[in-house]
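The values are calculated or read from the model by the stated rules, or taken from the named source; none is laboratory data. If you're wondering where the values come from, they're calculated on a predicted model, not measured in any experiment. In this analysis, Cβ positions are derived from the backbone assuming ideal geometry, glycine residues included, and neighbour counts consider all displayed protein chains. Surface areas here come from the heavy atoms of the whole protein model, side chains and all, with no ligands, DNA or RNA. Shrake-Rupley method; radii C 1.70, N 1.55, O 1.52, S 1.80 Å.
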Amino acid sequence: MKNIVLTGFMGTGKTTVGKILAKKLNRPFFDTDTMIEDQLSASISEIFKSLGEKQFREYESQVIKLMSSMDGCVISCGGGVVLNKSNVDLLRKNGIIVNLFASPQNIFKRVSYEDTRPLLKKLLNPLDGIKKMLEDRKTAYNNCDIAVNTDDLTPEQVIMAMLNNEEVKKILSVPEGIKL
Ligand code: S3P
């Protein structure tokens with residue numbers, strides 16, 4: 001059974017949606033950031049500070065390697081996972097890649113009260129910075145099997161949009177009568 005892999009920029013709802021989806025489908029849930037935090041017993045901010053982004057990306061790729069060897073999971077990926085094409089190739093072998101996206105304004109609203117994202121913390125003008133990062137990463141995020149705009153949707157509606165997609169239905173064989 002294929003994995004469901006949630007990708008997309010920070011603040012697009014991957015972790016929230018992933019947790020609910022996994023529960024509904026009765027599948028194990030994994031969050032790549034949490035896996036790295038658990039492995040190093042440190043927060044993402046601390047890891048960026050002490051080891052730097054390059055080292056963080058290496059841990060991220062190790063986690064992706066591990067996850068791609070698993071079956072039937074819901075995996076929420078850190079927003080930068082898809083920047084490395086080998087990560088995407090590995091995840092795609094046994095997974096359907098979903099890109100959750102939102103407008104820069106909504107992303108800004110959702111993340112501005114949090115202090116957990118080192119790449120956003122260092123931006124002088126956060127909204128412009130988010131716009132630029134989205135532009136720089138556009139090709140990577142567009143390389144997905146299904147995309148869902150989360151701007152005006154609740155997490156449940158995002159899940160419904162994903163599971164009602166014909167391709168997804170086929171691939172996942174969503175059990176008939178699943179209550180969303
Ligand atoms: C990052 C996204 C973060 C986290 C790290 C880097 C990125 O994850 O992996 O701060 O490069 O987009 P979330 O997308 O879960 O916030």
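Select from segment 2-16 the residues that are open to solvent by 10 Å² or more (accessible area, probe 1.4 Å) and on the phi > 0 side of the Ramachandran plot and write down the one among them that is nearest to the ligand (Cβ to nearest atom).
In this case the residue turns out to be 11.
Residue check, residue 114 against (1) open to solvent by 90 Å² or more (accessible area, probe 1.4 Å); (2) within 15 Å of the ligand (Cβ to nearest atom); (3) acidic (Asp, Glu), all met but one. Which one?
(1)
Is it true that residue 91 is in contact with a strand residue (DSSP E or B) (Cβ under 6 Å, 6 or more places away or on another chain), in a helix (DSSP H, G or I) and within 16 Å of the ligand (Cβ to nearest atom)?
yes
Among (1) closer than 20 Å to residue 114 by Cα; (2) touching a strand residue (DSSP E or B) at 6+ places or on another chain (Cβ under 8 Å); (3) open to solvent by 20 Å² or more (accessible area, probe 1.4 Å), there is one condition residue 77 misses while meeting the rest; what is its number?
Exception for residue 77: condition (3).
From (1) at pLDDT 95 or above; (2) surrounded by fewer than 16 Cβ atoms within 10 Å (Cβ to Cβ); (3) over 27 Å from residue 172 (Cβ atoms), pick out the condition that doesn't hold for residue 138.
(3)
Just the residues that are open to solvent by 30 Å² or more (accessible area, probe 1.4 Å), touching a helix residue (DSSP H, G or I) at 6+ places or on another chain (Cβ under 9 Å), of a type outside the set (A, V, I, L, M) and more than 10 Å from the ligand (Cβ to nearest atom), please, taken from segment 17-36.
19, 24, 28, 29, 30
Looking at segment 44-83 only, could you name the residues that are aliphatic (A, V, I, L, M) and either without any contact (Cβ under 8 Å) to a residue 40 or more places away in the chain or in a loop (DSSP other than H, G, I, E, B) (or both)?
47, 51, 63, 64, 66, 70
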